[in-house]
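The block underneath contains the structure these notes are about, expressed in structure tokens.
Taken together, the values in this text are just the output of simple stated rules run on the coordinates, not laboratory data. Computed from a predicted model, the values in this text were never measured in an experiment. In this analysis, Cβ positions are derived from the backbone assuming ideal geometry, glycine residues included, and neighbour counts consider all displayed protein chains.
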Amino acid sequence: MIKPTKHNDSAEVYVVSLKSKSEKPNLDGDRLNIFLLILLYIIQGFPIGVSTALPLILQSKEMVTYEDQAAFSMALWPYSIKLLWAPIIDALYINSIGRRKSWLLPLQILMGVTFIYMANNMDDWLPEVGKPNLKMIVRMIFAVNFLSATQDIAVDGWSLSVLKKKNVSYASMCPSIGVPIGMFIGSVCFTLLVSEQFSVKYLGAITGAGGVITMKSFFNIWAIIILLLTLFIGLFKKEKYTTEDGHQKISVFQNYKLLWEILKLPRIRVLALALLTIKIGFTATETVTNLKLVDAGVPKDDIMIITSVMYVIKFFFPMFICKYITSTTPMSYHLKMTPVRLIWGIVFAVLVYYTPRLVSTVNEMLSLFLMLTLLAFFCKISDPHFGGTYMTLYNTFYFLGWLIPNTFVLKLIDILTLNECSNDAQNTCYTNDLKNQCKANGGSCGIYVDGYYISMFICTTLGFIWYFSFRNILKKYQLVDLYHWMVHGKQLSNEEVNEPCIISSQECSKIFTKCLMSTITGTSFVIIIKPSLN
């Protein structure tokens, strides 16, 4: 039940009462619903995977600059800013169709039609020879990511009502399974199956025969899968006319008002600034390294094969660091590892320069450790009455803290990279006309100042500045009583304040895998508090 209450500053907010008991989960009658949710999350993960695969494909064809890659990086922005329209999707619907189906059906139809349109035009936009139509590719990938991010809002809400109340806890399992599968299909499978080099090298195909499947066929098949699933939901799946978790839903206005009240908290504003700049020190390492490996001659297929192994490692890694991410001071561990991560970025850049074929998992493991400890910190300072809103807000700041410097660094590398013609030192090869002029005179354009390494130095310096600026502040924040992060006037008991995110090691891997996927996709989720019964 949501009850209005008054804070000291007279702002009206809404408090959700906690349940004291729950039924034992039983999947009888819900197995099909869980399978359906997993399929919907697979559809959601596919565009994310394609968004990570296409930059590698473009780089391998040597058709784009780092400035072009910066433009492409903006295609992922919908996942970071969907909080802006999430309350609208949550509150507006056609009752006769269903609260979630009102959005889910048109969104997935549009997604399927968009992929068909991409399939019919991708050969023209991304030719084997010649410059790609990057503007159209970015627009279409942005469109499918917008549809996917909005679909995620609807599916997250539906997952809480399509399952029986006693099985709602399984709702967190579905995205942790479905989204990675979709990402794997959209990135690794997509890259390898359409690659002629992979087909020749690993499958023994004849040179010139192309990949296992064409890009057009791949997108068409995926579009048909989306449309068939949408047809099944529209015809055979009825939506329950019940509100999630038995509670009255906060309206659009109330939800936006809640966000505004949260943002007015002084600590939230400082934390927002820290999160918007938290990734600046690692941006060059995380964003550009794979592109530099492609430039250095490492086949994109080899990179994707290694990426497939990393998917497995990422799922098992949280098991080994549970004692850190479930501690009462997770931010302390995050801050201790931050200088190590910054220094490793320099070491990694040296490895890329001297031994480009050496791909290390250390970079990924350090990055994952920092992210999981940060998520634990988010969980610790989230008001459990509005856990989904708080976590989505924190994740939004965190994602923007990755996307903004990501786009900036790619542009910076392009600006700082200096080229010259091999037989004409006055020719900087800065434009296509100058490059063509160099080739016409029998020369070739080569790099004599690589902007990647300059950007790495700048990012690492800014990373250390961030570390010394926010280290003491964030250490203190994790010790602040939870009451000071709340926007309502209800004082929680010590048990409620201290226990929301302190979990057993057996549950650690499952919960933080969900947290991981929530961060990757911008998905919101609810922290479930189970107070002990007296």
With labels modelled as points extended 7 Å from the Cα through the Cβ direction, what inter-label distance (nm, one decimal) is found for Lys135 paired with Phe35?
4.7
From phi via Karplus (6.51, -1.76, 1.60), per-residue ³J(HN,Hα) for the range 438-451 in Hz, x at Gly/Pro:
4, 5, 5, 8, x, x, 9, 7, x, 8, 10, 9, 8, x
HN-Hα couplings for the range 146-153 via Karplus (6.51, -1.76, 1.60; θ = phi - 60°), in whole Hz with x for Gly/Pro, come out as 5, 5, 5, 5, 6, 4, 4, 4
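Hey, with R₀ at 51 Å, roughly what FRET efficiency would Leu203 and Thr431 work out to, going by the Cβ-Cβ distance, to 0.05?
Working: r = 40 Å, r/R0 = 0.79.
That pair, Leu203 with Thr431, gives E of 0.80.
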May I ask you to evaluate 6.51 cos²θ - 1.76 cosθ + 1.60, the Karplus curve with θ = phi - 60°, for each residue of the range 51-61 and list the ³J(HN,Hα) values in order in whole Hz, giving x for glycine and proline?
5, 8, 7, 4, x, 5, 4, 4, 5, 5, 7
Among the listed pairs Lys82/Lys238; Lys101/Lys257; Lys411/Lys439; Lys336/Lys380; Lys164/Lys238; Lys166/Lys238, give every one whose C-alpha distance is greater than 22 Å.
Lys82/Lys238; Lys101/Lys257; Lys411/Lys439
Along the principal axes of its C-alpha atoms, what lengths does the range 30-237 span, in descending order and rounded to whole Å?
55, 36, 27
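How long are the semi-axes of the equivalent ellipsoid of the range 393-434, taking √(5λ) for every eigenvalue λ of the Cα gyration tensor, in whole Å from largest down?
Details: eigenvalues 273, 12, 4 Å².
The answer is 37, 8, 5 Å, longest axis first.
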